[in-house]
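> Got a structure for you, questions after.
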There are 2 protein chains.
Amino acid sequence: MAPPDTRTQILDAAERLFAERGYRGTSVRAITDLAGANLAAVGYHFGSKAELMAAVARRVIEPINTAQHAGLDRLLARTSDPAVTELVEAFAGPLFDEIPTGDEDGAQTSQLIVTILSDPAEEVRSWTGPTQNTVRERYLAAFGRALPGLSPEELWFRMRGLLAVTAVDRIETHQQRTPACLSPVAGEATRHWAITFLTAAMSAPPTKT
Amino acid sequence: MAPPDTRTQILDAAERLFAERGYRGTSVRAITDLAGANLAAVGYHFGSKAELMAAVARRVIEPINTAQHAGLDRLLARTSDPAVTELVEAFAGPLFDEIPTGDEDGAQTSQLIVTILSDPAEEVRSWTGPTQNTVRERYLAAFGRALPGLSPEELWFRMRGLLAVTAVDRIETHQQRTPACLSPVAGEATRHWAITFLTAAMSAPPTKT
DNA sequence: GTTTGATTAAAACGAACGTATGATTGAAGT
DNA sequence: ACTTCAATCATACGTTCGTTTTAATCAAAC
């Protein structure tokens with residue numbers, strides 16, 4: 001088996017540590033130590049710690065975004081007006097498919113995504129790929145056709161709720177805040193639960209003003 | 001006007017800076033500078049930076065928790081089986097009532113709550129008041145009676161979704177990720193939207209297995 | 001008027017941080 | 001054999017961090 005080059009070993013180590021300890025809580029030294037690389041390797045391969053963070057974010061988020069785009073493409077190729085459930089599944093599904101479920105790698109990646117989306121530091125959120133913005137607007141338009149009568153503002157609010165649930169869902173699972181009385185849950189079940197939950201939420205009648 | 005004592009000025013400054021820059025991104029020096037206090041005052045009044053964070057978290061979260069408790073008490077005093085909408089409003093309402101809406105203080109506090117709930121550092125999440133755990137379990141029991149046929153595990157999943165939406169909702173609003181075409185939204189509207197959205201989500205029929 | 005106890009002020013501590021520098025390697029190109 | 005150049009290495013720099021220590025301040029108590 002070919003030994004992975006230093007660059008990807010640093011990426012792997014950074015992905016793990018950024019998820020576990022956050023951006024500011026992770027030192028470049030900790031990353032290079034875990035990667036078995038030299039301290040200066042980060043500067044050489046990525047330029048700076050911030051650019052390393054951007055590279056990590058890109059590697060995690062890009063496949064999810066392209067899967068979301070592809071899912072919507074597949075729906076729109078079949079019909080010009082997909083159902084709400086189909087749109088929910090196409091949007092939320094990649095967040096389950098592209099992330100290993102069950103093992104703790106999944107919780108790690110989920111925690112990293114939450115960090116990327118919510119960290120106060122500009123440098124952490126800085127990378128938002130060109131697809132990141134367009135994917136939401138494409139789904140916004142599709143949901144708008146599937147849910148006439150909803151104001152654009154309320155629809156946008158619901159889109160944010162959609163993302164919040166799918167992103168936040170899985171980190172709490174691994175913070176062992178689950179009550180002891182509950183049995184552990186398989187990854188596939190939560191996927192279905194999420195789609196049920198979110199389809200009902202998106203399909204709610206418009207709020208009377 | 002009585003001059004606020006150093007202790008609360010430090011608390012105010014810390015609350016603002018922790019929200020804006022996160023826990024690790026905020027130095028004790030920045031806090032005391034903003035508070036107009038001396039560097040050593042943090043050590044004197046709170047013991048350490050971590051204990052200051054705990055004090056800030058307590059001051060923000062405690063009124064929300066007690067309001068959630070009181071809301072459920074009020075419902076249960078009236079009937080032993082409140083409706084789902086009432087439970088949603090009692091749970092999510094305080095997150096809107098106890099936080100100033102509209103101005104940027106509200107977005108600040110919301111960002112702080114997200115930090116408290118999601119920061120990877122143990123010290124940040126360390127303070128979870130005694131009410132924090134019990135309030136969720138009380139609502140869990142109440143939702144369980146209102147939604148028979150739902151497995152405890154799926155119900156718990158939906159409870160987490162409930163929290164995710166209410167917590168994450170408002171930070172994105174202030175990260176100016178909103179598309180320019182949308183008009184700004186009043187705080188009162190989002191409150192109603194959230195209750196509509198979440199009531200529908202919680203009321204969804206059980207997922208077929 | 002002096003003592004006391006609670007604050008605040010100023011300075012310094014060692015440790016850890018991100019980054020930059022210059023030497024060293026080793027395989028490919030000529 | 002010599003050059004080239006991407007890659008890695010050890011090391012050091014300047015800064016900032018949380019915390020501690022010691023001295024000064026000041027109202028109230030006696």
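> Could you work out the equivalent-ellipsoid semi-axes for chain A, taking the square root of 5 times each eigenvalue of the Cα gyration tensor, largest first, in whole Å?
Numbers: eigenvalues 232, 79, 50 Å².
Taking √(5λ) for each eigenvalue gives 34, 20, 16 Å, largest first.
> Let me ask you something else. In whole Hz, with x marking every Gly and Pro, tabulate ³J(HN,Hα) for segment B:87-97 from phi via Karplus 6.51 cos²θ - 1.76 cosθ + 1.60, θ = phi - 60°.
In residue order, the calculated couplings are 5, 4, 5, 5, 7, 7, x, x, 5, 9, 6 Hz.
> Now a separate question. Hey, how much of the P(r) for the protein assembly as shown falls beyond 34 Å, as a percent of Cα pairs? Walk me through the numbers before you get to the answer.
Numbers: 28496 of 87153 pairs.
Here the tail beyond 34 Å accounts for 33 percent of pairs.
> Among A:L117, A:L76, A:L198, which one moves the most in a GNM of chain A with springs linking Cα atoms closer than 10 Å?
Comparing A:L117, A:L76, A:L198 in the GNM, the peak value goes to A:L76.
> Pick from A:A13, A:A55, A:A40 the residue whose mean-square fluctuation is largest in a GNM of chain A, springs joining Cα atoms under 10 Å.
Comparing A:A13, A:A55, A:A40 in a Gaussian network model of chain A, the most mobile one is A:A40.
> When each pair of different Cα atoms in segment B:45-138 is counted once in the 1/r mean, what is the Kirkwood radius in angstroms, to one decimal? Intermediate results must be reported in sequence, preceding the final value.
On the way: mean 1/r = 0.0690 Å⁻¹.
Averaging 1/r across every pair of different Cα atoms and inverting gives 14.5 Å.
> Right, another one. Distance between Cα centroids, segment A:80-132 to segment B:74-139: provide it in whole Å.
Each part reduced to its Cα centre gives a spacing of 24 Å.
> Find which of B:L162, A:A40, A:T131 sits farthest along the positive direction of the dipole of the protein assembly as shown, computed with +1 on the beta-carbon of Lys and Arg, -1 on that of Asp and Glu, about the Cα centre.
Value computed over the given set: B:L162.
> Counting only protein heavy atoms and rolling a 1.4 Å probe, how much accessible area do A and B lose on contact, total for both sides, in Å² to 100?
Details: alone 11600 and 11610 Å², together 18850 Å².
Using a 1.4 Å probe, the pair buries roughly 4400 Å².
> Then there's this: Tally Lys and Arg at +1 and Asp and Glu at -1 over the other residues with C-beta under 14 Å from the C-beta of B:I31: what net charge comes out? Display every interim value, and only then the final one.
Values: positive: B:R7, B:R16, B:R21, B:R24, B:R29, B:K49; negative: B:D12, B:E15, B:E20, B:D33, B:E51.
Every neighbour counted, the sum reads +1.
> Now a separate question. What residues in segment A:10-24 lose 40 Å² or more of accessible surface when the other protein chains are added to their chain alone (1.4 Å probe)?
Residues passing the criterion (a loss of at least 40 Å², heavy atoms only) are A:R24.
> Please give me the summed charge of the neighbours of A:A50: other residues whose Cβ is under 14 Å from its Cβ, Lys and Arg +1, Asp and Glu -1.
Numbers: positive: A:R24, A:K49, A:R58, A:R125; negative: A:E51, A:D119, A:E122, A:E123.
Local charge sum for A:A50: 0.
> Find the accessible area per residue for the protein assembly as shown; the probe is 1.4 Å, ligands and nucleic acids are left out, and the unit is Å².
Working: 18850 Å² over 418 residues.
Counting only protein heavy atoms, the per-residue value for the protein assembly as shown is 45 Å².
> If you don't mind, there's one more thing I want to ask. From the label point of B:P130, set 7 Å from Cα along Cα→Cβ, how far away are the matching label points in the other copies, in nm, ordered shortest to longest?
Counterpart label points of B:P130 in the remaining copies fall at 5.8 nm.
The values are calculated or read from the model by the stated rules, or taken from the named source; none is laboratory data. Everything numeric here is computed off the predicted structure, so don't read it as measured data. A quick note on method: Cβ atoms are made from the backbone with ideal geometry, for glycine too, and the neighbour counts reach across all protein chains shown. These accessible areas exclude ligands, DNA and RNA; they are computed on the full protein's heavy atoms, side chains included. Shrake-Rupley method; radii C 1.70, N 1.55, O 1.52, S 1.80 Å.
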